[in-house]
Amino acid sequence: MRKISKLSLVAAVAVAGFSTANAQPLEEAIKNVEVSGSVVYRYDNFNDSEGGFSDANKNNHDNYDHNKYKIGLNLSSKVNDYVKFNSRFIVAAENSEFADLDAHKGNDANPDVRLSQANFAFTGIQNTTVIAGKQALSSPWTVGIDMQGNENDGTGILALTTVGPVTAGAGYFNQTNLDKSGNINGTKYASQSIDMSAHPKYKKNISLKNVAGISGTALTAGEELGSRDLYIATLQADLSPVKLEAWYLDIADTLDSYTLVASGDFKPSDDSKIGVEARYVSLTLDNPANLDIEEDNSMYRLAVTGNLGIFNAKVSYTATDKDGGLTAFDQDAQNATLGWNLSSNGIADAKYWQGVLGVNILDNLNLSANYGNLKADESSNLEAEEVFAQLTYKMSKNLTTYLRYGTYEEKYDDVNGDKEKFSDQNRGRIQVAYTF
């Protein structure tokens, strides 16, 4: 029954765009369609002794008790020998994040169904792919596809070509969803906003909590961020075991940024592996309103990962510019360093240490201890720390679940310059992820 149901859905989508004049046998339509996707359920239960969680009615609570769901369905169809049609449907929130249902104060509700991708990929030129249409916006600043978070997409054209170990790419997008999809930083400090009420033209306050806090403000000349033209280019070299990357991005009348990355994977022995990464990001705001804010943002990160027998470990250090630390449009992007609730993105003068130590109890069962510590003297003397344990069980290749529990604490100077604790959380999570 499962196979028949899947084929019926695929056939309906595959033939829907054809007129009767172009009709083809159902068996042929099905044969040319590829189906993949994911289903994720997450339950979060957080408690904050300092309060700060709000429900749909904007009432504050010390408890966050939420069921979350997200479904992604990818359909690809071969048009001819050189062209392939790709589409992606998401059942989630409007911003492609989890459909978030408050189990403590809210009722059950239906999430949105959204078409996030509809594009054609052309491969008629040797070693070259050209994608045109609504597509994933995959870059170090964004997250193109994420089965458990925000997704960035845009309408435009992207071309990639490979010559030997070198890949070059360039793209132009005249519309994106960057005005609504993207969490920048989860700290309470980042939720503070710049008061713009006295500005003669741009009145919307600026916040670095998410991309909606930037869009439509003075930083984008009052325009929605998603309406701005976006240009992107990359040059990559795979010199195994070392990989080099250079990226450039420009959003019209908003910002420009570049990223340099050197990474490598080494295998000292059959049962060991070491990974290293060095990353630098620079982002400059165009600042069309001549605001009294710093335009320069940057970060660098050094990270080492290792596997030895049943053990795995990671150590990373991230530092941001003393004047600005906005280096990505989503805290899950590669140009940000994310723990659980703790992220360097959007925090000026951040010094962020992150460590992980894990052990494989069984071949499919891993237990890890995770630690993060961030200090930022220039950002109201911010101090944040998180500790959590995670038990991950991979029941099969396509079914993974994890249980996570930990603590999070955040302090920074209040209006009088005194250090105050603004968040003191106990955090628990259960997640189940199925891919097909």
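Each value in this text was obtained by applying a stated rule to the coordinates, not by laboratory testing. Because the structure is predicted, anything quoted here is derived from the model rather than measured. As a convention, Cβ positions derive from the backbone with ideal geometry for all residues, glycine included, and neighbour counts pool all protein chains shown.
When the chain is described by a simple charge dipole with +1 on each Lys and Arg Cβ and -1 on each Asp and Glu Cβ, the residue from L260, N345, V39 located farthest towards its positive end is V39. For segment 165-175, the Karplus equation 6.51 cos²θ - 1.76 cosθ + 1.60, evaluated at θ = phi - 60°, returns couplings of x, 10, 10, 10, x, 8, x, 9, 10, 9, 7 Hz by residue, with Gly and Pro reported as x. Gap in Å between the Cα centre of segment 371-436 and the Cα centre of segment 308-360? The two parts, judged by their Cα centres, are 12 Å apart.
Once you divide the Cα radius of gyration of segment 83-210 by 2.2 N^0.38 Å, the number left is 1.35.
Binning all Cα-Cα separations of segment 263-385 at 10 Å, short to long from zero, yields these whole-percent fractions: 13, 37, 29, 15, 5, 1.
Close amide H pairs (under 5 Å, H built 1.01 Å from N) link A328 with G346, residues at least 5 positions away or on another chain.
Under the convention that each Lys and Arg Cβ holds +1 and each Asp and Glu Cβ holds -1, the size of the dipole of the chain around its Cα centre is about 1760 debye. Based on Cα contacts under 8 Å between residues 6+ apart, the chain shows a relative contact order of 11 percent. Compared with the dominant Cα axis of the chain, that is its longest principal axis, helix 2-16 is turned about 80°.
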